[in-house]
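Student: Below is one structure. I have some questions about it.
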Amino acid sequence: MTMEGNAVLLAEDDEMSRSATCQFLRRFGYKVGEATDGPSALREASMGHYDLVILDLGLPGIGGEEVLGRLRRSGGMPVIVLTGRSEEAERVRVLDLGADDYVVKPCSLHELEARIRAVLRRGQVTPASGRIELGRLVVDKTLHRVELDGQTLDLTPKEFDLLAFLAASPDQVYSREELLEHVWGSTQDWQDPATVTEHVRRLRLKLEADPSTPRWLQTVRGVGYRLSHDDAFGTQTTGTDTTNGIHKGIASPFTGDDLSGESELQGIQAPSVVRSSSDVPGSRFA
Ligand code: CA
């Protein structure tokens with residue numbers, strides 16, 4: 001299956017790589033636009049013709065990271081980053097910047113195409129029910145919006161998908177493998193469970209008052225993650241005494257993400273954008 005007819009913008013300054021990738025994707029039925037530097041990538045992307053951007057980080061003019069940041073601030077168009085570095089820290093950094101996925105260069109074009117397909121497929125998932133209210137946390141799948149205390153959270157498409165999936169079955173625990181399968185839509189080998197860990201960590205930064213002791217997005221050690229139905233701050237208690245006991249057994253600082261006993265990702269920069277207040281004149285927390 002391909003996502004025939006989808007339009008992809010390929011921002012890559014290396015001509016050989018760009019033309020090979022373009023040819024390959026066109027053979028698969030994609031419409032492909034090309035940009036050879038940062039400014040033209042931004043210009044093209046702003047035209048609204050594309051379903052997804054493939055973005056080389058090493059672009060002249062305006063660097064790929066800055067391009068990604070601007071794309072993120074201007075909307076939710078999916079972005080797959082091409083990066084030359086494969087270390088975990090780099091992968092985390094790329095996701096922190098708001099990429100929906102990344103591919104390490106030199107990459108298999110078949111893998112790139114599979115990732116494009118996966119990202120586009122996620123964007124096409126039609127929610128069964130529109131609005132899920134968990135106390136002060138509201139996930140509106142129709143409007144593709146998450147609100148906490150009436151403030152819209154600025155989530156990447158994949159962060160939204162993960163949260164919406166967990167919110168659909170509050171308190172149910174899912175393993176990272178299950179989340180990969182349900183949210184990332186694939187069980188292929190290159191899907192790394194660390195991807196889930198990284199997204200959970202980034203979601204907590206946006207969702208939790210104290211990300212090191214999460215109230216909403218909780219770790220059940222050795223098992224997986226769940227979204228707590230409890231209103232952790234007690235403003236709209238829903239009387240879920242049974243889960244309170246579990247709260248106390250998990251989520252100690254710095255081990256809250258650790259399902260496997262391996263060391264957690266420390267020292268990674270937090271994303272700068274935490275909450276969007278664009279629709280709120282003045283802070284409600286003031
Ligand atoms: Ca480059």
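No value in this document is a laboratory result; all are computed from the given coordinates. Everything numeric here is computed off the predicted structure, so don't read it as measured data. Backbone-built Cβ (ideal geometry, glycine too); neighbour counts: all protein chains shown.
Student: Between Glu177 and Arg85, what is the FRET efficiency for a Förster distance of 25 Å, r being their Cβ-Cβ separation, to the nearest 0.05?
Tutor: That pair, Glu177 with Arg85, gives E of 0.45.
Student: Rounded to the nearest 20 Debye, what is the dipole magnitude of segment 30-119 about its Cα centre when Lys and Arg each give +1 and Asp and Glu each give -1 at the C-beta?
Tutor: For segment 30-119, the charge dipole is close to 180 debye.
Student: Would you calculate the volume per residue, in Å³, of the smallest convex hull containing every Cα atom of segment 1-159?
Tutor: 119 Å³
Student: Test of the criteria: in segment 77-158, which GluC sites (Glu not before Pro) are in a DSSP loop and have at most 14 other Cβ atoms within 10 angstrom of their Cβ?
Tutor: Listed in order of number, the matching sites are Glu87.
Student: Follow-up. Could you work out the relative contact order of segment 140-200? I mean the mean sequence separation of Cα pairs under 8 Å and 6+ apart, divided by the number of residues, in percent.
Tutor: 25 percent
Student: Positive end of the charge dipole of segment 31-123 (Lys, Arg +1 and Asp, Glu -1 on Cβ, about the Cα centre): tell me which of Ile62, Leu95, Leu52 has its Cα farthest that way.
Tutor: Working it through, the farthest residue towards the positive pole turns out to be Leu52.
Student: Now a separate question. Arrange the following residues from fewest to most other Cβ atoms within 10 Å of their Cβ: Ser228, Ser40.
Tutor: Arranged by neighbour count, lowest to highest, Ser228, Ser40 become Ser40, Ser228.
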